[in-house]
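Each reported figure results from applying straightforward, stated rules to the coordinates on display, with no laboratory input. The structure displayed is predicted, hence computed values, not measured ones. Because the Cβ atoms are built from the backbone with ideal geometry, glycine has one as well, and the counts that use them run over all protein chains shown.
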């Protein structure tokens, strides 16, 4: 049995209903990228293209890539130039881009060195790599509840498959691939949910929960919700998720 779970094949409508905030909160990362007119920029893990569209509005040539076929279709429906592919094995020509941008995607790519090798290869000398993703401590309550409940059902693994490094560890990894790091910071961002924790689990934990058969999946979800309620649901009934984000900006050597 594979211990490393693949990113779920999300449906764009479910993503929009339950977790649209993921792109909505990405504005500061676009500002950190500071797109410059005429640049060619890669949006790595572009999702449905919400931020790709924002970047395109800055008078740049932007290309998106995502591993989710439904997301690629949704982004193309916006009129964006997007390809289907693996961010851990970028298919583009060397020195094709002035900058690479990524929001809320790199934690789904456990081969971090594969990502950085590819980003370094496709960037021009002096090119920027700017992004934000889950860092150390991200969704700690959710991860603990998932592991506890799924192990009761005989699902055992060494790790959940997400990649949540510390700021120091990611800085070191960037530097090992020839980047000069201007910023690498970890910060908490507890985030209210527009629906509830079950909706969040349906989007982001689908790949884990689908390892259970139909008979066990529903009670397992109920048990996870029960464990999370004291920590993530307030006395007004509002659910939040315990996000911790890692935001960085790095430059490829000239």
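Table for the structure above
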quantity	calculated
Gaussian network model of the chain, springs between alpha carbon atoms under 10 Å - residue of 84, 216, 136 with greatest fluctuation	216
Cα-based Rg / Dmax (Å) for segment 130-235	16.5, 51
Label-point gap, in nm, between residue 77 and residue 214 - each point 7 angstrom along Cα→Cβ	2.8 nm
Sorted by Cβ neighbour density within 10 Å, fewest at the top, the residues 249, 124	124, 249
Rounded to 10°, Cα long-axis angle of helix 140-152 versus longest principal axis of the chain	50 degrees
Rounded tilt (10° steps) of 214-232 against the dominant C-alpha axis of the chain	80 degrees
DSSP-defined beta bridges in the chain - what % are antiparallel, rounded to 5	55 percent
D (Stokes-Einstein, µm²/s), Kirkwood Cα radius, the chain, 1.002 mPa s at 20 °C	114 µm²/s
Peptides 47-58, 89-100 ordered by average Cβ neighbours within 10 Å, highest first	47-58, 89-100
Most mobile of 62, 155, 203 in a GNM of the chain (Cα contacts under 10 Å)	155
For q = 0.11, 0.16 Å⁻¹, Debye-computed log10 I/I(0) when each Cα of segment 42-130 counts as one equal scatterer	-0.26, -0.56
